[in-house]
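See structure below.
The values are calculated or read from the model by the stated rules, or taken from the named source; none is laboratory data. All values derive from a computational prediction rather than experimental measurement. As a convention, Cβ positions derive from the backbone with ideal geometry for all residues, glycine included, and neighbour counts pool all protein chains shown. Side chains are part of the model used for accessible areas, which takes the heavy atoms of the whole protein and leaves out ligands, DNA and RNA. Shrake-Rupley method; radii C 1.70, N 1.55, O 1.52, S 1.80 Å.
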Amino acid sequence: MEIIRLSGYLADEKLSIAQKYLAPQAKEAAGLEGSSVVLSDEAVDALVRNYCRESGVRNLKKHIEKIYRKAALKVVESGVAVDAPQPVDAKADAAPEATADTKTEEKADSAPAPTTIADVLDQPGEKTPEVTDKKEKEKEKAPAALPQRMIIPESYSLEITVDTLKEYVGPPVFESDRMYDNTPPGVVMGLAWTSLGGSALYIESVVEATISSDNNDVSGDSGQHGRLHTTGQLGDVMKESSVLAYTYVRSLMNRQHPENKFFSRNIIHLHVPEGATPKDGPSAGVTMTTALLSLALNKPIHPDVAMTGELTLTGRVLKIGGLKEKTIAARRSGVKRILFPKANTADWEELPANVKEGLEGFPIEWYGQIPPLVGLAEPSK
């Protein structure tokens, strides 16, 4: 069986769908059609960012319907609305003429109903259970009655804005993806693909303990001790990525900074926040490596940079999936520069202009290109 993966709606697309379809339908269903009760575009945008990050619009539709129902309740409680007059049904007002056939039908209706299937079959002209079931199904298919519309004075207006949104749908479900305004040494923002689309994925690293050569049989200069352990409910693939990143960054430091014995003399703790959420996948390889390099050099990276990419043991950056969702997450987090594998260049070029607006993309083929772009090394001349 072939699995076809479809990307979700962009925030701009959700806003357009809400404006053209979801909001008008919810407004009419709440009996507010033609009134000055308005859901602002900024409020819808806040719904998309803070409440409804799913790829589809079903949850967004539920929230908009909930908002208009509560708005209708506010209108009723204010006492300004009156029920609109119901249309007159001519057939209902016409006086029925009693005829012999009508009386016969009334007598038939008043007769005792058969109690068994045999009784039904014995009565001539009676409907079988199959016919009865068919009639019941036709009744179920009949269109539901339209909601009763309210007449609201033109002078009355109600606008649901970002500031009042909490009164209708409660506190935000999602907070900002950005945990740090300025990342300290050892912390780097990565990008991940989740069931809700893209999200920021921070990698944190700190020195847990320093090992002195006096307490060990092995000299600190030999590089045989010093180790890494990880937390954050990482999957098997992500654990392997952390081991690979640790090995690669030690090799990089030995080549470029042989006098720096940081990894030989320290026990490093690497953590991925939101420990209750399982995480897996190889695309955090370059992020983990950069976090460890930043810690070893005691230098923070630029705060407006995010990255994604799988790393090999020789430093090559491999293709990843979900670049569109990750780019949206980067933009939502206020990122200005995004680093991604060179193999994903075609995916980057296919992204709509509004998704890449304000973002500077850098395709990376080898890890050595990353440190100068994030402030950990001088650009090569």
Can you list residues whose amide H is under 5 Å from LEU191's amide H, if they're 5+ apart or on another chain and H is modeled 1.01 Å from N?
LEU201, MET307
Can you tell me which of 338-350, 13-25 comes out highest on packing, and rank the rest after it, using the mean Cβ neighbours within 10 Å?
338-350, 13-25
Starting at the first residue of the range 59-74, write each ³J(HN,Hα) from the Karplus equation 6.51 cos²θ - 1.76 cosθ + 1.60 with θ = phi - 60°, in whole Hz, x for Gly and Pro.
5, 4, 4, 4, 5, 5, 4, 5, 5, 6, 5, 5, 5, 4, 5, 4
What percentage of all Cα-Cα pairs in the range 295-381 are separated by more than 17 Å?
49
In the calculated pair distance distribution of the range 331-381, what percentage of Cα-Cα distances lie above 19 Å?
33
Ignoring ligands, DNA and RNA, what accessible area per residue does the range 255-335 give at 1.4 Å, in Å²?
40
Exceeding 18 Å between C-alpha atoms, which entries from my cross-link table qualify? They are LYS20/LYS74; LYS299/LYS324; LYS74/LYS166; LYS27/LYS61; LYS299/LYS336; LYS66/LYS166.
LYS20/LYS74; LYS299/LYS324; LYS299/LYS336
Between ALA29 and LYS356, what length in nm is gained on full extension when 0.36 nm per residue of separation is reduced by their alpha carbon distance?
114.0 nm
note: the range 246-330, Cα-Cα separations exceeding 14 Å make up a percent value of 70
Using a 1.4 angstrom probe on heavy atoms only, work out the carbon and sulfur share of the accessible area of the range 182-340 in %.
50
Taking amide H positions as placed in the peptide plane 1.01 Å from N, state which residues far from GLY198 in sequence (5 or more) or on other chains have amide H under 5 Å from it.
ALA329
Using only the alpha carbon atoms of the range 1-86, find the Kirkwood hydrodynamic radius as the inverse mean reciprocal pair distance, in angstroms to one decimal.
14.2
Write down the accessible area per residue of the range 163-209 in Å², having rolled a 1.4 Å probe over the full set of protein chains.
50
